[in-house]
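Student: Below are the structure tokens for one structure; questions will follow.
Each reported figure results from applying straightforward, stated rules to the coordinates on display, with no laboratory input. No experiment lies behind these values; they were computed from the predicted model shown. Note that each Cβ is placed from the backbone with ideal geometry, even for glycine, and that neighbours are counted across all protein chains shown.
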Amino acid sequence: MSVIDFHSHILPGIDHGCADINECMAQLDIMSSNLTDIAVATPHFYPHIHKVNTFREAVDSSVLELRTKKQSTPRICVGAEVLLCEGLESMNEFSNLCISGTKCMLIELPTHALKNGHFDTIEYMLSNGYTVLLAHIDRYFKICPNDVDTLISMGALAQINADALFHHSSCKRIFKYLEQSECICALGSDLHGSKISSYKHFVKSSKVLKEYYQAIMSRAEVLLSDAEKF
Ligand SMILES: [Fe+2]
């Protein structure tokens with residue numbers, strides 16, 4: 001089984017999660033020393049601020065810098081944490097926001113109830129062969145739980161943040177999902193910055209998830225089977 005951290009902000013200079021290559025190397029050291037095999041780099045993409053082509057150019061040059069410095073582990077896949085907006089799918093080069101080598105996109109929901117246009121975008125993606133992976137669904141248990149359930153019933157998959165496993169109410173709800181379906185396919189640290197303590201919940205999550213931990217990692221591995229890794 002590979003340990004996969006499916007949500008992290010580790011690309012130097014792309015978002016507020018990682019200031020520069022030195023901070024990135026410190027983040028990778030934390031991951032490596034905690035036996036994380038694969039990290040998915042998911043810098044924030046905000047459709048009201050970014051254009052896909054310039055975002056990807058910045059990501060590519062960050063990756064180039066990282067490739068020259070990094071050690072063997074963890075291996076890295078490159079994606080984005082894409083904020084859902086109505087009509088997102090009509091942005092130029094939209095598909096370049098997927099995890100490289102896949103049609104899987106990590107989608108962050110807005111912090112309010114969804115509108116019809118948001119559902120239309122997800123419907124478009126699902127019917128055009130994209131895998132929609134909802135970022136940290138635990139964040140929306142209080143904001144728009146019904147919307148999360150609707151998206152999952154449409155065919156979206158879910159990622160959870162390790163931190164949520166250490167809060168009683170969100171942990172309880174995560175277990176409900178785990179018992180009822182296989183929609184939770186990814187676990188993430190959502191690492192920002194390089195404080196060792198920020199990674200402790202990801203490291204301890206196997207103890208909370210027990211047999212579900214391996215199931216989630218196996219599903220994550222399937223999602224990344226065609227992903228480019230370096
Ligand atoms: Fe994030």
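Student: Given just the C-alpha atoms of the range 4-223, how large is their convex hull per residue in cubic angstrom?
Tutor: 112 Å³
Student: Can you sort T73, T68, T42 so the residue with the fewest Cβ neighbours within 10 Å comes first? Spell out each step's value before the answer.
Tutor: On the way: T73 16, T68 7, T42 31.
The order, fewest Cβ neighbours first, is T68, T73, T42.
Student: Rank A80, A135, L178 by how far each Cα sits towards the positive end of the charge dipole of the chain (+1 on Lys, Arg Cβ; -1 on Asp, Glu Cβ) and give me just the farthest.
Tutor: Positive-most Cα among the choices belongs to L178.
Student: Enumerate the calculated ³J(HN,Hα) couplings along the range 64-74 in order (Karplus 6.51 cos²θ - 1.76 cosθ + 1.60, θ = phi - 60°), each rounded to whole Hz, writing x wherever the residue is Gly or Pro.
Tutor: Those phi angles translate into 4, 4, 5, 4, 6, 9, 6, 7, 5, 10, x Hz.
Student: Between S33 and K103, take the C-beta separation as r, use R0 = 35 Å, and let me know the FRET efficiency to the nearest 0.05. It would help to have the intermediate numbers written out before the result.
Tutor: On the way: r = 33 Å, r/R0 = 0.94.
Working from the Cβ atoms, E equals 0.60.
Student: Have a look at P145, L126, A156 and report the one farthest towards the positive end of the charge dipole of the range 117-182, computed about the Cα centre with Cβ charges (Lys/Arg +1, Asp/Glu -1).
Tutor: After comparing all options, I get P145.
Student: Please list the non-local residues whose amide H lies under 5 Å from the amide H of L224, H modeled 1.01 Å from N, same-chain partners needing a gap of 5 or more.
Tutor: none
Student: First measure r as the distance between the Cβ atoms of S72 and A19, then evaluate 1/(1 + (r/R0)^6) with R0 = 41 Å and state the FRET efficiency to the nearest 0.05. Please report the intermediate quantities before stating the final value.
Tutor: Details: r = 24 Å, r/R0 = 0.58.
That pair, S72 with A19, gives E of 0.95.
Student: Moving on to the next point. Between L134 and residues 5 or more places away or on another chain, which pairs have amide H atoms under 5 Å apart, with H built 1.01 Å from N, and which residues are they?
Tutor: Correct list: I107, L157, A158, Q159.
Student: Also, quick follow-up: Give the calculated FRET efficiency between N53 and F175 to the nearest 0.05, with a Förster radius of 35 Å applied to their Cβ-Cβ distance.
Tutor: The value I calculate is 0.25.
Student: Under a 5 Å amide H to amide H cut-off, with H placed in plane at 1.01 Å, what residues pair with V3 once short-range neighbours are removed?
Tutor: Excluding prolines and chain starts, which carry no amide H, the hits are D37, I38.
Student: Filter the trypsin sites (Lys or Arg not before Pro) in the range 38-77 to those in DSSP coil with at most 13 other Cβ atoms within 10 Å of their Cβ, and list the result. The partial results should precede the final answer.
Tutor: Values: sites: K51, R56, R67, K69, K70, R75; in loops: K51, K70.
Those that pass, being in a loop and sparsely packed, are K51.
Student: Can you pick out the pairs among K51/K103; K176/K207; K172/K200; K195/K229; K200/K229 whose Cα atoms lie more than 22 Å from each other? Spell out each step's value before the answer.
Tutor: Details: K51/K103 19 Å; K176/K207 17 Å; K172/K200 20 Å; K195/K229 25 Å; K200/K229 24 Å.
Distance filter (> 22 Å) returns K195/K229; K200/K229.
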